[in-house]
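A short write-up of the structure that comes next.
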Amino acid sequence: MKRIIVYFALLFPFLLAACSEKEDVLPNGEEPQTYIPFEINKGVNISNWLSQSDKRGQEREQYFTEAEVQQLAGFGFDHIRLPVDEEQLFTEDGQKIPEAFKLLHNAVKWCQNADMRVLVDLHILRSHYFNAGSSGTTVIDGFIDNFENGENAWYPFDGTQLTVDVVNNPEVCEANPSSKVLRMNKMSNTNWMAGGKGGFQLPIGPDAGQFKYLHMKIRKNMKSTITLTLEGEGIDPVYTGYTNNKVNEWENIVFDLVNIQSGPANGYYTKLAIRPDDGPSEMYIDDVFFSDSKEGSNSQITIEVDNTPLLWKDKEAQYKYIDLWKVLADELKDYPNDLVAYELLNEPVAPYSSQWNSLSAQLIRELRLTEPERKFVIGSNKWQGVNTFSELTVPANDPNIILSFHFYNPHLFTHYKAEWTDMKDLNVAIHYPGELIAQEDYAQLSDNDKKIVDPYMGTYNKAVLESLVKKAMDQAKKYGLQLHCGEFGCYSKTPRADKINWLQDIISIFRDNNIAYSYWEYKSGFGFCNEKGEVKDQEVLNLLTK
């Protein structure tokens with residue numbers, strides 16, 4: 001009996017080995033992929049160059065150079081994340097733009113010479129922008145123009161017969177105390193002369209959630225009927241009129257857009273035209289705005305909107321996305337697999353995570369036909385945030401995938417007073433670590449500001465940040481894959497001492513857990529260098545590299 005036990009004990013390791021080998025055999029007789037190491041640790045994003053930038057020609061070429069790559073390597077960075085946009089690399093019909101691809105190749109070769117790796121990140125598509133929201137409601141303002149800034153967005157239909165310009169108010173009075181107004185001077189007896197206001201894109205008409213009246217102040221040198229035209233692409237124009245009661249005095253008038261003989265205004269109109277008179281005349285207008293009531297002021301309405309990026313609504317847009325990657329990958333395929341990785345899409349914002357999981361899996365299948373060992377970088381739906389990482393699925397048996405998350409938690413802190421956010425005018429003290437906004441400061445906020453800060457209220461410290469990062473760590477552990485933080489950082493308006501505290505904690509968490517990171521960003525609002533590549537914040541740079 002003892003001999004039998006010893007026999008099985010000796011045999012057991014061989015059985016385990018045999019089972020292990022069988023588990024590596026993929027279905028349909030496919031060979032398992034070879035794992036390719038991609039050594040990255042400390043990196044930085046090169047933003048505003050081949051992404052989110054209007055720079056072209058020599059200006060774009062000189063914005064980021066080989067000398068800067070060498071400098072970054074000297075600082076201690078071992079990789080760059082390189083955001084690229086479709087509109088920078090491709091024409092609308094999908095043709096490659098040679099100048100942009102030359103810069104892309106330059107960047108890769110510069111990094112190769114500096115012993116750095118490159119994550120080529122497809123940042124923005126024509127069909128997908130990460131700041132786009134989902135379907136829902138939005139509040140829009142009915143205001144169009146009050147001319148106080150002196151700017152004139154109106155133009156004459158016929159500049160030889162009608163002049164339209166912003167001038168000083170000819171009669172500053174209680175009825176109109178404004179200092180600047182718009183003057184229309186019609187000099188002949190010709191037909192339809194009109195001032196125009198383009199691009200307001202407002203829903204106007206009788207339906208719920210639409211503006212129904214146009215208000216303005218006028219001052220005319222004669223009594224006559226003023227004709228108004230509203231025009232929009234794909235909808236019939238509508239006409240209405242108003243006869244002024246006063247001459248050479250300011251008067252408030254209202255155009256009824258509900259009861260119009262030519263048909264009710266109903267849709268998104270892009271042009272407002274005014275016909276002063278058939279004969280010579282002079283007219284001033286001011287404070288032009290739409291309202292949902294005849295007696296209303298400069299009002300707002302709530303309307304249904306669909307901001308879902310086209311990528312998630314149109315199959316052709318998805319096919320184009322896959323084809324773009326095939327072309328891009330064909331350009332980059334000759335670079336070593338341990339030099340260049342492909343980040344498939346920056347911060348997907350699909351209505352449902354399953355949509356992104358399905359599309360990314362389809363793209364990976366296509367690209368694996370030609371590049372079985374290239375590193376692909378993917379993150380979860382909804383801005384690659386840690387809170388959606390559990391919803392991310394990746395293809396099985398593919399060791400050459402890097403999972404990447406972005407970390408800007410709490411967003412109110414890292415994007416404090418950022419001009420492109422709803423918190424740009426927020427005036428309240430914020431803190432890290434500890435209670436983000438003190439209760440006594442919160443109590444002083446307006447109701448609107450409270451709505452902005454409410455989602456972020458709470459206490460934040462290193463333990464809290466680490467509990468959030470762990471959500472991404474758990475998913476990487478589940479799949480046995482490399483983990484990377486593709487973006488993190490604080491905007492320049494975040495209080496200095498608190499910003500340093502936050503950076504110290506999050507970088508420490510990354511290093512303690514072997515998470516590679518790419519700081520957002522090298523230059524611009526989050527960066528540690530100025531536009532010339534000169535260090536402007538040595539303390540932040542030291543935190544990232546030392």
Inset, instruction - Please report, ordered by residue number, the strands (runs of 3 or more DSSP E) entirely within the range 69-142 with at least 2 residues that are crowded, with 20+ Cβ neighbours inside 10 Å and modelled with pLDDT of 95 or more. - result: 79-85, 117-124
Legend entry - Sole exception among (1) within 28 Å of Glu539 (Cα to Cα); (2) at pLDDT below 95 for Tyr479, by number: (1)
Inset, instruction - Answer yes if at least one residue in the range 469-481 is crowded, with 17+ Cβ neighbours inside 10 Å and at positive phi, and no otherwise. - result: no
Legend entry - Of the criteria (1) closer than 21 Å to Trp312 by Cα; (2) in contact with a helix residue (DSSP H, G or I) (Cβ under 9 Å, 6 or more places away or on another chain); (3) not aromatic (Phe, Trp, Tyr), which one Ala361 fails: (2)
Legend entry - helices (runs of 4 or more DSSP H) (entirely within the range 439-508) containing at least 2 residues that are more than 21 Å from Asn45 (Cα to Cα) and either in contact with a helix residue (DSSP H, G or I) (Cβ under 8 Å, 6 or more places away or on another chain) or of a type in the set (Val, Ile, Thr) (or both): 447-453, 462-479
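The rows are residues; the columns are (1) of a type outside the set (A, V, I, L, M); (2) in a strand (DSSP E or B); (3) modelled with pLDDT under 85.
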site	(1), (2), (3)
Gly196	yes, yes, yes
Gln201	yes, yes, yes
Asp207	yes, no, yes
Leu214	no, yes, no
Lys217	yes, yes, no
Met222	no, no, no
Thr240	yes, yes, no
Glu249	yes, no, no
Inset, instruction - Could you tell me whether the range 434-449 includes any residue that is modelled with pLDDT of 95 or more and touching a Pro at 6+ places or on another chain (Cβ under 8 Å)? - result: yes
Legend entry - Output for the range 453-500, where each listed residue is among the hydroxyl-bearing types (Ser, Thr, Tyr), under 23 Å from Pro348 (Cα atoms) and touching a Leu at 6+ places or on another chain (Cβ under 9 Å): Tyr456, Tyr479
Legend entry - Residue ID - surrounded by the most Cβ atoms within 10 Å (Cβ to Cβ), chosen from residues in the range 408-438 that are charged (D, E, K, R) and part of a loop (DSSP other than H, G, I, E, B): Lys417
Inset, instruction - Could you list all residues from the range 531-546 that are in contact (Cβ under 8 Å) with a residue 60 or more places away in the chain and surrounded by 14 or more Cβ atoms within 10 Å (Cβ to Cβ)? - result: Gly533, Leu541, Leu544, Thr545
Legend entry - Flag for Ile274 being β-branched (Val, Ile, Thr), in the same structural domain as Lys217 (by TED's automatic domain parsing), modelled with pLDDT under 85 and surrounded by 15 or more Cβ atoms within 10 Å (Cβ to Cβ): yes
Legend entry - Selection status of Leu403, closer than 30 Å to Leu328 by Cβ, in a helix (DSSP H, G or I) and under 26 Å from the mean Cα position of the chain (by Cα): no
Inset, instruction - Return a yes/no flag: does the range 302-319 have any residue that is of a type in the set (Lys, Arg) and assigned to a strand (DSSP E or B). - result: no
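The values are calculated or read from the model by the stated rules, or taken from the named source; none is laboratory data. Just so we're clear, the structure is a prediction, and the values are computed from it rather than from any experiment. Backbone-built Cβ (ideal geometry, glycine too); neighbour counts: all protein chains shown.
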